[in-house]
1. Contour minus end-to-end for E:ILE374 and E:LEU48, with contour as 0.36 nm per residue of separation and end-to-end as the Cα-Cα distance?
2. Which one of A:SER93, A:SER69, A:SER56 has the biggest mean-square fluctuation once chain A is modelled by GNM with Cα springs under 10 Å?
3. Label-point separation (nm) for C:ILE3 and F:ILE7, each offset 7 Å from Cα along Cα-to-Cβ?
4. Give the carbon-plus-sulfur fraction of the accessible surface of region F:5-135 in %, rounded to a whole number; probe 1.4 Å, heavy atoms of protein chains only.
5. With axes computed from alpha carbons, what is the tilt in degrees of helix E:206-219 against the longest principal axis of chain E, rounded to the nearest 10 within 0 to 90?
6. Taking only Cα atoms and a 10 Å spring cutoff, compute GNM fluctuations for chain A and point out the largest among A:VAL89, A:VAL76, A:VAL102.
7. With r defined as the distance between the Cβ atoms of E:THR298 and D:SER105 and R0 fixed at 51 Å, what FRET efficiency is calculated, to the nearest 0.05?
8. Tell me the label-point distance for the pair E:MET30, E:SER230, using the 7 Å Cα-to-Cβ offset, in nm and rounded to one decimal.
Amino acid sequence: MIETLLPGLFLRYNYYMAVIIMLIGLYAMIAKGNLIKKIIGLNIFQTAIFLFYISSSDIIGGTAPILTSDPASVYVNPLPHVLILTAIVVAVSTTAVGLALVIRIYEAYGTIEEDELIAMEAKE
Amino acid sequence: MIWEFNFALFLFLVICAIAAISVRNLLSAVVILGVYSLIMAVLWAEMQAVDVSFTEAAVGAGITTILFVAALSRTTRRSKD
Amino acid sequence: MKIWALVSVLLIGVLLLWAEGDIPAFGDPMAPSYNYVADRYISDAHNDTATKNMVTAILADYRGYDTLGELTVIFTAGVAVLLLLRRGGRL
Amino acid sequence: MIIDHFPVLVVVLPLVGAFVTLLAGWADRRLCFPIAMATTFIQFCISLQILSRVMQTGPLHYNLGNWLPPWGIEYVIDQLNGFVLVVILFLCVLTCLYSYRSIHSEIDEKKIPAFYTVFLLLVTGVCGIAVTGDLFNLYVFLEISSLAAYALVALGREKRSLVSSFTYLVMGSVSACFILLGIGHLYIATGTLNMADLARLLPPLYGSTVIQSAFIFFIIGLSIKTALFPLHLWLPDAYRYSPSAVTVLLASVVSKIGVYALIRILFSVFTPAFIIIEIPVMEVFCWLAAVAIIGGSVLAIAQTDLKRMLAYSSVSQMGYILLGIGIADNLAVTGGILQILNHAVMKGCLFMIAGAFIYTSGIRSIDDLRGIARTMPLTAAAFVIAAASMIGIPPTAGFMSKWFIALGALESGQWIFVLVILASSLLTAIYFWKVIEYMYFRDPGTRCAEVVSTARDPPAGMLVPILILAAACVLFGIFVSIPLEVIEPFVTGILGGI
Amino acid sequence: MDQISFVPVLAICIPAVAAVLILIFRNHPMIRESWTILASFATLACVLSMLPLVFSGAEPYAALFQILPGLSISFRADAFALIFALTSSSLWVLNSFYSIGYMQAHHGKNLTRYFFCFSVAISAALGVAFSADLLTMFIFYEILTLSTYPLVVHAESEEARMAGRKYLAYLLTAGIFFLFSVLLTYFLTGGTAFAPGGILTGQGSALLMMILFITFLIGFAKAAWIPLHSWLPSAMVAPTPVSALLHAVAVVKAGVFGIARVVFYIFGIDMVSALGLGLLLASIASFTIIVASMMALTQDNLKKRLAYSTISQLSYILLGVALLTPSGIIAALIHIPFHAFMKITLFFSAGAIIVMTGIENISEMKGIGRKMPITMLMFAIGAIGICGLPPVCGIITKWYLALGAIEAGQLIFLVVILSSSILNVLYFFPIISTAFFEKPDVDTGVHEAPLFMLIPLTITGICSVLLFLFPDWPFLTLVTIAEAIITGSVLP
Amino acid sequence: MKQDVVIRTVCRLVVPFIQLFALYVIIHGASSAGGGFQGGVIFASSFILIGIAFGITDARKRISEKFTVLFSATGLSIYAGIGILCIIFGGNFLGYSFLPLPLPGPEIRGLAAEAVEIGIGITVMAVMTSIFYDIAVDEEAA
């Protein structure tokens, strides 16, 4: 039913959904004052971009890009998968460094709230 | 590609994402983030991206969550927003 | 602050939604991304690299250099975390 | 022939150097510096060789894994690449030399091996960005350099360095995400990641919203990386609180590589035909750059901390590069690219001097520099030269880049930007003169008399790079034809069709 | 008639090298100061050695670097340049001796910096004189600004620093305008080299030319035309030899010299007169002459009165340039050395008074002429010269200037010249009469200044008279050659 | 971080299987889903599991911090080393087919890809463990 009602929207619903999730993540990164929340937002943002890539690789009726014995089988596009494999690792690396920083900040200031940090810095 | 199934997963994702950034207890937020990653992995598996799905399940839902929890254990669970 | 965040996020959102207007439909086999470089990977990966999994073939061979970079990223992260957090002991 | 492999060796060498350093640090910490120094120096020699080959035979192509592009990853080195590579490696060598003394006083002995490891990884990252001809590869190396940079910034002595590093990380990640989105959109629209291939495939698609938005994503992402004015907020703290050597590296290498990536994407992926004719975005770009030039200068005037002042000055000076690119005229682009070299040299010198003040006397505030020229004459003299170059007094290097950008602005009839450049020269003069006045024409007073009177010129390890860069400020101004020989073929090649 | 010769470069390098040597021998005052003296003589010799060549019609020329096509660092010692170069190098010799005497008497500090900057400033002034193109001139012009700043703030008092800031604010802002003008010139013509008759002819619209002319004028704010003058009286806080340097030897002369260069060698007489720019410049100059003289009347501080006098006198040169007639040009060019000699005499005398008595205000100088007869005599000679009375060289300028005004057919400027002469008398003669004919309030044991100061000021005073008696050698000869080149007439 | 005895027992039972599975994933990357990353991460998770169940000290006995650093460099040098070997044997960087092995070209490539995957696995395992050690342990408290 939705197919007929909103054809343009429906054709690309995956991308639109990815965009919505991206925006949620981006909003968390900018607006949330808690440093861990910022990193969570970063993770959501990045994963949404990965979703965007993976969506683009899908093909109607395609199978996973592992060679099968059936010569007629259609494979989905493997290249975005590779890019995203790399990007996932990049994401986890960034998260790890970010978390390490958060720990050090907590040790140094006793808080991980941005506004409290700013207040403490202003006091010094 | 079953669009109803995809759509349901997408909805879950959006809900998880919103929940993860709005829950005040950081541990809950992190766990919800793990769930989010897992749903993402399922979605990708459904999109035939098995390798990526595998990796996301292991890295996104696994290692990342563990690192978050470990970091929380050394900082605080509470968040002001 | 939150208002500005919302405004900028919404602006980016409008930009993104506008961008997706011309994107090939979900699952379209005629999409350019499927018919150019990927085509060769799908058809020749096994002949070129004797690897059944095309993802592995690309990852470790065609675009192996990216993977080396990626490994460097993770190595960097390891050393960075070590630099930030490890006290005492060697390194 | 091994020479054929130089394009890849220049990137792999520091990578190998990085883990050799890490392992050597186990055996003896004193080994780390020589290894890092040797690595960067060999790289510098290699980059010179590459540049001379490019000048003789035209762009070099190197297919990694023997796969032809666009299936494999390709390294392409043309004049621009080669030039930027030489510039950043030149600065890397000097920074490495400089770090030997400065870093010992700023971080734990135990962390030295890890420091040099991360340093070399940063070098790997920037070199990778410089030589690659593949968009996704660029992203990967961008992340390497960024992660290394975050870690290095966090090494500062004060605890605020942690917060500034975290802010840098968040902003850097947002920027990387936008770049990744841009790459994704381009890939979806064309199916390739190779830059040359993209430039070939894009023209029929210029009307598509996917391409146009991808372009905007790149601009946003790289603007954050290069700290274009409204998005510069992470930069002053990051520069201010990191160790001296790291600040030099950030200001003269990392920022330059961001600008390089911008130029590469604007001119080699999206070709001038798109950015000038299809969507007239360059006009906007010019205005943003003009705001950055003036705004950065005005904010710099208000600073009391030397490093922070220099950081805002960087915002302003980077604006020149972007203005040059934005005017998109032969002369202006030449000036913009020239400014990459000049700003790297000048700002590197200035930040090294700021570090030397901290090293010898612990002085960070401009107010405490009273009369320091008496006890640190060579350092102060180098500061004057570099400052003159920043202001744009001929025959220093800074003058030449402004000259070209201003001529380009005149040629394209955009008078207002000439005025912007001139006004900013004046503003620059104001804030640098303040420092010079304090250094030369003030009595130390009672407060800092003791500190100032015990200060001495820094040890040779720090002084030599400072003096080399100060000399370079003058030499590149007089012998400007040497860099021009490299830049001009590129600019005419890229803008010839317009 | 270019003749490749590195003598001009040598002349610029000698003071620069001396500056380095001064820096090296900073801990040995005697050696340090002998370098200054030595260098000043060497420079003078160097400049003098070029005179025969120039008299014979040749022009030593040297191009050091070609930065870009049309943009080079090059030097040419034509007659025009030599007028200025000879003035500053000869006065430097005297000023060096005087500085040493002044600083000894004044127990000055930071002397290394003082002599260093002095040498650099002289080097820069010679650079301005010899530069063969706008870019070179701009470089040395800026170096001159920067190197004189430390001299202005030499006292390092708050007042000195404020004056220094004002000095820099005016001159660096002006430098920006100068730079813009250079840029525009290069953009329009593709070159910046000076050429008799100008290089801008037919290169742009009249409006553009007017804008360019005005930015050039603002760029040469060193010429201290009103309303861009106020840095000069403020800079009087500097030690007196520095004031002499600013007023007579280098700085303001560089400003008027630059304007003259630009008018004659960039715009060309034809274009300037065609566009009516000469009239504009002449109006500015006339206004400055009158207003500055009036301002001088109100000053009680001797050095400030001299400063306003300088502002007024510089505009004589500008007026001469603006008249665009052969006599006007001669008047302008000849006034560069003449005013230098007269003004330096005045400043040297004022400095001697300040050092010996500590008095700076004219009202306190009662009877000082009896205590310091030689000094005040020389002061009187300088004052008479400025007023344009014989037997001092100032009258020659006024003569040619009046001729020029008549040649140009603009008698209004004749009125300006005459009325300004009256004003000159009005502000100088009270000083002389106070010094000689009034009785001091309290009798103090003041005596003549030390010989290191007295001799230079006597020499300059005598020179001012000699220049009246024998104007031909060398200045008037040089001026006629330069005038012939500028107007394109046959060499005499 | 000592846990309940049930968990510890289960852990002890499960860990070898996890490690075996990780090796399988690494080796079988060529023909099915999986590869160096996934395998490396799974391998690391086995150590992390030990760390959680028995305490970090116990995990360190299995693989010390020193070794994580050593291994992370080793994996990277395997990868880069293969690339440089290719240069030595006349190919471009990472041009596997130039490696002097008595096999047809594609086979060499496949084999080299396996080796590379192993390198990836080692590094990922080591770095992940190392990061976990660093983040989880408060050495001041310990």
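1. Values: separation 326, 0.36 × 326 = 117.36 nm, distance 2.96 nm.
Once the chain is fully extended between E:ILE374 and E:LEU48, it gains 114.4 nm.
2. Comparing A:SER93, A:SER69, A:SER56 in the GNM, the peak value goes to A:SER69.
3. Label-label distance for C:ILE3 and F:ILE7, simple model: 4.7 nm.
4. Solvent-exposed carbon and sulfur of region F:5-135 make up 75 percent of the total.
5. Approximately 30 degrees, to the nearest ten.
6. For chain A, modelled as a Gaussian network with Cα springs under 10 Å, the answer is A:VAL89.
7. 0.30
8. 4.9
The values are calculated or read from the model by the stated rules, or taken from the named source; none is laboratory data. What you see is a predicted model, and the numbers here were worked out from it, not measured in a lab. Virtual Cβ from ideal backbone geometry, glycine too; neighbours counted across all protein chains shown. To get the accessible areas, we keep the full protein, side chains included, count just its heavy atoms, and leave off ligands, DNA and RNA. Shrake-Rupley method; radii C 1.70, N 1.55, O 1.52, S 1.80 Å.
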